[in-house]
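Below is one structure, written out as structure tokens; comments come after it.
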Amino acid sequence: MGQQTWAGAIGEVWRSAVRHKIVSAIVALCVAGSLTAIALAGSASGRAAQPAHPAAPTFSLPVLGHSGQQVSISGYVGKPLIVNFFASWCEPCKKETPLLATFYRTEHGQVAIVGLDENDVRANAMSFSRAEGVTYPVGWDPTAAAASAYGVSALPQTFFLDARHRIVDRIFGAVTRADLSKGIALATRVPREHADDHGSALRTDTPQRLAGPFLGLLG
């Protein structure tokens, strides 16, 4: 009888331990699931807070070769716009600027282009623009204020703005004809709020750090 009672007691202890382990495991799973759900909700909330097409920062800069004139986004109200950041000392810019100049001369009726010469010597900037056949407005930005506003730390970079002047595409490095076609398609279409429409292309040719003859800016 004593042996049966002792065995029963051991069995009861064992069953209690098993039940305790099962309950603990269930509690742990519930806690982990709750934390995961909270993390996912927070992540989704953070993404929702970021606009798919952020508004382009404004700027107003003197126009190269046109004393007293200013170029700004406000001069293109209701029109799609390409904003190209470059400099005469930027090697990749020497590759893309002729393409932009030719494109503007032949197809600029659909989308306007504004060049922003960053951290450069005025004379060098003017010589470079003329040599490459640039006829679109070029703003001179010796302190790179516009570059800073757009988060540009290496050249060249190109932004495509829609008619509401929201950034719909961004190209890092020398822009190509394919980039222009894609960016213009995004900038000129009927506006729709789809986050996956926003994109950016990373060129295989490395952009040059934004450090010219005046400033070691962000270099």
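Take the conditions buried (at least 18 other Cβ atoms within 10 Å of the Cβ) and touching a His at 6+ places or on another chain (Cβ under 9 Å) and apply them to PRO156. Does it pass? Answer is no for this residue. Just checking, how many residues over region 75-119 are touching an Asp or Glu at 6+ places or on another chain (Cβ under 7 Å) and among the hydrophobic types (A, V, I, L, M, F, W, C)? Residues that pass the stated criteria total 6. Here GLY78 meets each of (1) surrounded by fewer than 19 Cβ atoms within 10 Å (Cβ to Cβ); (2) part of a helix (DSSP H, G or I) with one exception, condition (2). For region 97-196, the helices (runs of 4 or more DSSP H) that sit wholly inside it and include 2 or more residues that are at pLDDT 95 or above and more than 19 Å from LEU64 (Cα to Cα) are 145-149, 177-188.
Taking first residues from region 88-103 that are of a type in the set (Gly, Ala, Ser) and partners that are part of a helix (DSSP H, G or I), the Cβ contacts under 9 Å between residues at least 6 apart in sequence or on separate chains come to SER88/LYS94; SER88/ASN124; SER88/ALA125; SER88/MET126; SER88/SER127; SER88/PHE128; SER88/SER129; ALA101/SER129.
Restricting to region 165-193, what's the tally of residues that are loosely packed, with under 15 Cβ neighbours inside 10 Å and under 20 Å from THR58 (Cβ atoms)? Of the residues in region 165-193, 1 are loosely packed, with under 15 Cβ neighbours inside 10 Å and under 20 Å from THR58 (Cβ atoms).
The values are calculated or read from the model by the stated rules, or taken from the named source; none is laboratory data. Owing to the predicted nature of the structure, the values given are computational and were not obtained by experimental measurement. So basically every Cβ, Gly included, is an ideal-geometry build from the backbone, and we count neighbours across all protein chains shown.
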